[in-house]
Protein chains: 2
Amino acid sequence: MVVVVLSKAGVYGLRAATYLAMQPSDEYVPISNIADDLRISFHFLTKVLQSLTQVNMLKSFRGPKGGVTFARPVAEISVYDVVVAIDTDSMFRECILALPGCSDQSPCPLHADWQQIRKRVRTLFKETSLADMAAQVKTKKLRLSDIGPSMLKS
Amino acid sequence: MVVVVLSKAGVYGLRAATYLAMQPSDEYVPISNIADDLRISFHFLTKVLQSLTQVNMLKSFRGPKGGVTFARPVAEISVYDVVVAIDTDSMFRECILALPGCSDQSPCPLHADWQQIRKRVRTLFKETSLADMAAQVKTKKLRLSDIGPSMLKS
DNA sequence: TTAATTTGAGACCAATTACTCTTAAATAGC
DNA sequence: GCTATTTAAGAGTAATTGGTCTCAAATTAA
Ligand code: FES
Ligand code: FES
């Protein structure tokens with residue numbers, strides 16, 4: 001596929017990051033907890049979250065009482081950071097017609113309009129922090145898994 | 001992949017449809033011509049364009065002097081029509097976090113914003129006709145293949 | 001020190017998407 | 001009728017993505 005806003009890995013990563021942002025910031029949370037609560041495959045999620053630890057967004061700790069936690073305040077981490085770490089930023093750079101060298105200098109017939117739209121997506125992702133995401137889920141009881149609003153462990 | 005604006009098939013279909021919209025509307029154009037000019041695999045493009053003939057957007061004709069041509073005026077066919085015929089409209093319906101049942105009634109934390117953005121994409125696609133696309137390429141000499149502006153057969 | 005718990009790394013398998021190839025059917029022109 | 005040209009249909013293959021599994025390494029606690 002060519003013009004992809006989010007891959008499955010990106011989706012799982014974002015959901016997990018939001019979930020983790022809802023937890024006390026000083027505790028390591030086992031990936032198995034996240035996977036269980038969000039109904040995501042534990043092994044797959046482990047691999048996805050590794051791309052976040054590799055860019056030092058998460059820190060991890062092995063062994064009993066281990067898990068993952070954010071390396072910096074969730075108010076300072078944006079959806080964009082998460083998505084790009086997992087899926088790269090190609091969606092924000094590449095031509096919607098998949099022509100090489102998307103730019104204002106060599107535009108395709110949709111370039112001007114697509115440019116605007118993807119800028120909006122970028123702005124949305126950049127201006128939404130994981131703290132915002134977590135707050136939405138908590139205060140407005142929005143859903144983060146397929147099991148309805150806040151059947152999460154509360 | 002989960003949130004996909006355009007698949008490769010969708011991209012090829014759109015490029016080919018735009019190319020075809022640049023040709024005289026009363027002639028059948030062989031798919032091999034389109035494939036050659038746009039540097040797309042002939043067999044793959046054939047299959048992609050079949051989804052357009054199957055929804056009666058294109059009509060086709062076999063044999064010598066055969067090919068494909070639009071079944072109605074290109075001013076009346078939108079980018080949206082082409083994209084949906086090839087890729088379905090799932091991008092305009094499904095949750096960006098891939099949660100089941102995207103709607104204002106059971107929103108995820110990104111729903112309100114994502115709703116707006118995909119509505120814009122939808123509007124762009126719906127309001128851009130293939131005649132518009134063709135005119136852009138012709139009058140502004142924008143590119144439609146990877147070989148620079150209008151090295152198409154002119 | 002041993003056993004249990006947890007992430008890390010990567011091999012492996014499955015599913016989906018992208019692409020190719022072969023054969024058939026329709027049509028034109030000789 | 002015969003041959004060449006073209007789309008139709010679909011089987012088959014390759015590449016990418018999604019997902020599983022195994023084993024190693026780190027850490028805790030008994
Ligand atoms: S979106 Fe096509 S060239 Fe930029
Ligand atoms: S975009 Fe997530 S519920 Fe609509």
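The values are calculated or read from the model by the stated rules, or taken from the named source; none is laboratory data. Only a predicted model underlies this, so the values are computations on that prediction, with no experimental measurement involved. For neighbour counting, all protein chains shown are included, and Cβ atoms are generated from backbone atoms with ideal geometry for every residue, glycine included.
Taking region B:55-81, which residues are assigned to a helix (DSSP H, G or I) and away from ligand 1 (no atom under 16 Å from the Cβ)? Steps first, answer last, please.
Here is the first cut: in region B:55-81, the residues assigned to a helix (DSSP H, G or I) are B:74-76, B:79-81.
Correct list: B:V74, B:A75, B:E76, B:Y80, B:D81.
Tell me, please, whether a residue that is within 16 Å of ligand 2 (Cβ to nearest atom), loosely packed, with under 14 Cβ neighbours inside 10 Å and within 14 Å of chain A (Cβ to nearest Cβ) can be found in region B:41-63. Let's see the steps before the verdict.
Applying the first criterion (within 16 Å of ligand 2 (Cβ to nearest atom)) to region B:41-63 yields none.
No - not one qualifying residue is present in region B:41-63.
How many of the residues making up region B:1-27 are assigned to a helix (DSSP H, G or I), among the small types (G, A, S) and facing chain A (nearest Cβ under 7 Å)? Lay out the reasoning, then the answer.
Of all residues in region B:1-27, those assigned to a helix (DSSP H, G or I) come to B:8-21.
Among the residues that remain, those that are also among the small types (G, A, S) are: B:9-10, B:13, B:16-17, B:21.
Subset that is facing chain A (nearest Cβ under 7 Å): none.
Total meeting the criteria: 0.
Does A:L124 satisfy being within 14 Å of DNA strand C (Cβ to nearest atom), touching a residue at least 24 places away in the same chain (Cβ under 8 Å), in contact with a helix residue (DSSP H, G or I) (Cβ under 9 Å, 6 or more places away or on another chain) and within 14 Å of chain B (Cβ to nearest Cβ)? Outline the logic, then answer.
Details: within 14 Å of DNA strand C (Cβ to nearest atom): no; touching a residue at least 24 places away in the same chain (Cβ under 8 Å): yes; in contact with a helix residue (DSSP H, G or I) (Cβ under 9 Å, 6 or more places away or on another chain): yes; within 14 Å of chain B (Cβ to nearest Cβ): yes.
No, not satisfied.
As an exercise: evaluate A:F70 against (1) away from chain B (no Cβ under 14 Å); (2) surrounded by 16 or more Cβ atoms within 10 Å (Cβ to Cβ); (3) under 19 Å from B:L6 (Cα atoms) and give the number of the one condition it does not meet.
(3)
Quick one: in region B:14-32, which of the residues that are buried (at least 24 other Cβ atoms within 10 Å of the Cβ) and of a type in the set (G, A, S) is farthest from B:E76 (Cα to Cα)?
Of everything passing the filter in region B:14-32, B:A16 is farthest from B:E76 (Cα to Cα).
Select from region A:110-154 the residues that are in a loop (DSSP other than H, G, I, E, B), modelled with pLDDT under 95 and within 22 Å of A:G10 (Cα to Cα) and list them in ascending order.
Within region A:110-154, the first condition is being in a loop (DSSP other than H, G, I, E, B), and the residues that meet it are A:110, A:128, A:140-154.
Next cut, modelled with pLDDT under 95 only: A:140-154.
Within region A:110-154, A:L142, A:R143, A:L144, A:S145, A:D146, A:I147, A:G148, A:P149, A:S150, A:L152 meet the criteria.
Hey, can you tell me all the residues within region A:28-54 that are in contact with a strand residue (DSSP E or B) (Cβ under 9 Å, 6 or more places away or on another chain) and part of a helix (DSSP H, G or I)?
Pass one, region A:28-54, residues in contact with a strand residue (DSSP E or B) (Cβ under 9 Å, 6 or more places away or on another chain): A:28-34, A:49-50, A:52-53.
Those that are in contact with a strand residue (DSSP E or B) (Cβ under 9 Å, 6 or more places away or on another chain) and part of a helix (DSSP H, G or I): A:I31, A:S32, A:N33, A:I34, A:L49, A:Q50, A:L52, A:T53.
Is it the case that B:T88 is within 14 Å of another protein chain (Cβ to nearest Cβ), free of Cβ contacts under 8 Å to residues at least 12 places away in the same chain and either surrounded by fewer than 21 Cβ atoms within 10 Å (Cβ to Cβ) or more than 13 Å from DNA strand C (Cβ to nearest atom) (or both)? First the steps, then the outcome.
Values: within 14 Å of another protein chain (Cβ to nearest Cβ): yes; free of Cβ contacts under 8 Å to residues at least 12 places away in the same chain: yes; either surrounded by fewer than 21 Cβ atoms within 10 Å (Cβ to Cβ) or more than 13 Å from DNA strand C (Cβ to nearest atom) (or both): yes.
Yes: the conditions hold for B:T88.
For A:F61, only one of the following conditions fails: (1) free of Cβ contacts under 8 Å to residues at least 12 places away in the same chain; (2) in contact with a Phe, Trp or Tyr (Cβ under 6 Å, 6 or more places away or on another chain). What is its number?
Among (1) free of Cβ contacts under 8 Å to residues at least 12 places away in the same chain; (2) in contact with a Phe, Trp or Tyr (Cβ under 6 Å, 6 or more places away or on another chain), the lone unmet condition for A:F61 is (1).
If you check B:V55, B:V83, which single one turns out to be within 15 Å of DNA strand C (Cβ to nearest atom) and of a type in the set (V, I, T)? Full working, then the answer.
Working: B:V55 fails: within 15 Å of DNA strand C (Cβ to nearest atom).
None of the others qualify; the one that does is B:V83.
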